[in-house]
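Just below is one structure, and these are the notes that go with it.
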Amino acid sequence: MKYRTAHERIIFNRLLQLYLHYRSAMIQYKLIYFDVRGLGEVSRQLFHLAGCEFEDVKIPRNDEQAWLELKKSTPFGQLPILKILDAESQNEIEIPQSSAIGRYLANQFGYAGKTPEEKAMVDAVIDQFKDFLVSQKRLTLAVRTKKSEEEINRVKEDIVTPAKDTYFKILKKLLENNSSGFLVGNDITWADLQISDNLTTLDGLGIFVPSEEPILAKFHEKIMNTPSLKTYFEQRPASLL
Ligand SMILES: N[C@@H](CCC(=O)N[C@@H](CS)C(=O)NCC(=O)O)C(=O)O
């Protein structure tokens, strides 16, 4: 777009901002997940980080009937899902899969990385987290189904500890090579939110011991002290997973 005068450019940009503001006010978001942090938490944090209103629908984990009823109408049969309603056109779309939702919101709000290369690295960190999650799930299942302490320790030693060592090594290398204190680039991204949230979970499960991992502990502390998220973190209900 070419402008004849600086004035024209200013007016155009003001009108564009006004239009974008109007459009975003017309969009209503509803995030549906269970009443735990789990795979819905990063999306919740992205809304808070961006200061964007959303409806945070939490299905009680122990209300199996409510979930089975809802399950039938979900796009892929699982949660989380994000509903996006354009109040003007009444057009509604539903996005399934936690990473697709997180990536969409991060792109919408500017937390996906600044360049295509940063975005690719942010995605790589998310993929690495997902790889680790496969091992972590074996442990959370053992904890949730109240397996014996012996069985839980066996899962930790045989599956989670080797996976954790690789995962933590990768994360520490990224942090050591980036003076910003973030995992990628010089601003917070949804990869920082995802990893920090996972460290909270691993702390609760006794897998991440902050005093033994100073680099990760410093990173976790930094994200937990993000000004626009601090109040949210302080007020949200406690949940192990
Ligand atoms: N790959 C999916 C996994 C979703 C998933 O496992 N959701 C679980 C809760 S964490 C669920 O809906 N469980 C209930 C069910 O499968 O009926 C994602 O990342 O969103």
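Structure above, values below:
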quantity: Number of the condition not met by residue 144 [criteria: (1) crowded, with 18+ Cβ neighbours inside 10 Å; (2) modelled with pLDDT under 95]; calculated: (1)
quantity: Answer from 39, 79, 49, 133 - the residue that is within 15 Å of the ligand (Cβ to nearest atom), in contact with a helix residue (DSSP H, G or I) (Cβ under 6 Å, 6 or more places away or on another chain) and on the phi < 0 side of the Ramachandran plot; calculated: 39
quantity: Inter-residue pairs, beta-carbon under 6 Å, first farther than 14 Å from residue 125 by Cα and in the stretch 170-193, second crowded, with 23+ Cβ neighbours inside 10 Å, 6+ apart; calculated: none
quantity: Count of the stretch 100-113 residues which are surrounded by fewer than 18 Cβ atoms within 10 Å (Cβ to Cβ) and either in contact with a Leu (Cβ under 8 Å, 6 or more places away or on another chain) or closer than 21 Å to residue 34 by Cα (or both); calculated: 3
quantity: Filter pass, residue 58 being touching a Lys or Arg at 6+ places or on another chain (Cβ under 9 Å), under 30 Å from residue 227 (Cα atoms), surrounded by 11 or more Cβ atoms within 10 Å (Cβ to Cβ) and not aromatic (Phe, Trp, Tyr); calculated: no
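The values are calculated or read from the model by the stated rules, or taken from the named source; none is laboratory data. Bear in mind that the values here come from a model prediction, so they are computed numbers and not experimental data. Neighbour counts run over all protein chains shown; Cβ positions are idealised from the backbone, glycine included.
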